[in-house]
Amino acid sequence: MNAVPRWRIAAALAILAALLSMLAALAPPYLHNLELQSYVSSLSHSPEGRAQTDGALRQQIAERARLLNLPVAESDVRINRSPDGRLAHLDVRYFVEVNFPGYAVRLHFYPGAASQ
């Protein structure tokens, strides 16, 4: 049986460590986006959320995003209403930049929900 050279084991461990560090850096924005998506969906489906003004909805969504450390401004929230004034769709568009040594990744997120 041939033994694996130590340099190969070290290289494999270095690659595994790099992949784990990338996962650790990329996971929080995705998890926070899921939380924001859930919140936007709950707002669009609740009678209280549908009855609010556009400005109040924008402010609530931006505040929740701020609590989740997401860079969402009120201008990133788009609200569509039906011709009779009822809430039809909430859409949030933003991006998060994750910096790695020598490279930056821009993650684009589009959480949204349609009212039923």
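What residues qualify as long-range amide H neighbours of Ser115, i.e. H under 5 Å apart, gap of 5 or more or another chain, H built at 1.01 Å from N?
Those qualifying (amide H under 5 Å, at least 5 residues apart or on another chain) are His89, Leu90.
Just to be sure I understand, if you calculate volume of the Cα convex hull per residue in Å³ for this structure, which of (i) 268; (ii) 104; (iii) 134 do you get?
Read-out taken from this structure: (iii).
For helix 6-45, report the angle its Cα long axis makes with the longest principal axis of the Cα atoms of the chain; keep it between 0 and 90° and round to the nearest 10°.
Computed tilt is about 10 degrees.
Once the Cα atoms of helix 54-67 and of the chain are each reduced to a long axis, what angle between those two axes, in degrees from 0 to 90 to the nearest 10, is obtained?
With rounding to tens, the tilt is 20 degrees.
Taken together, the values in this text are just the output of simple stated rules run on the coordinates, not laboratory data. All figures in this text were calculated on a predicted structure; none of them were measured in a lab.
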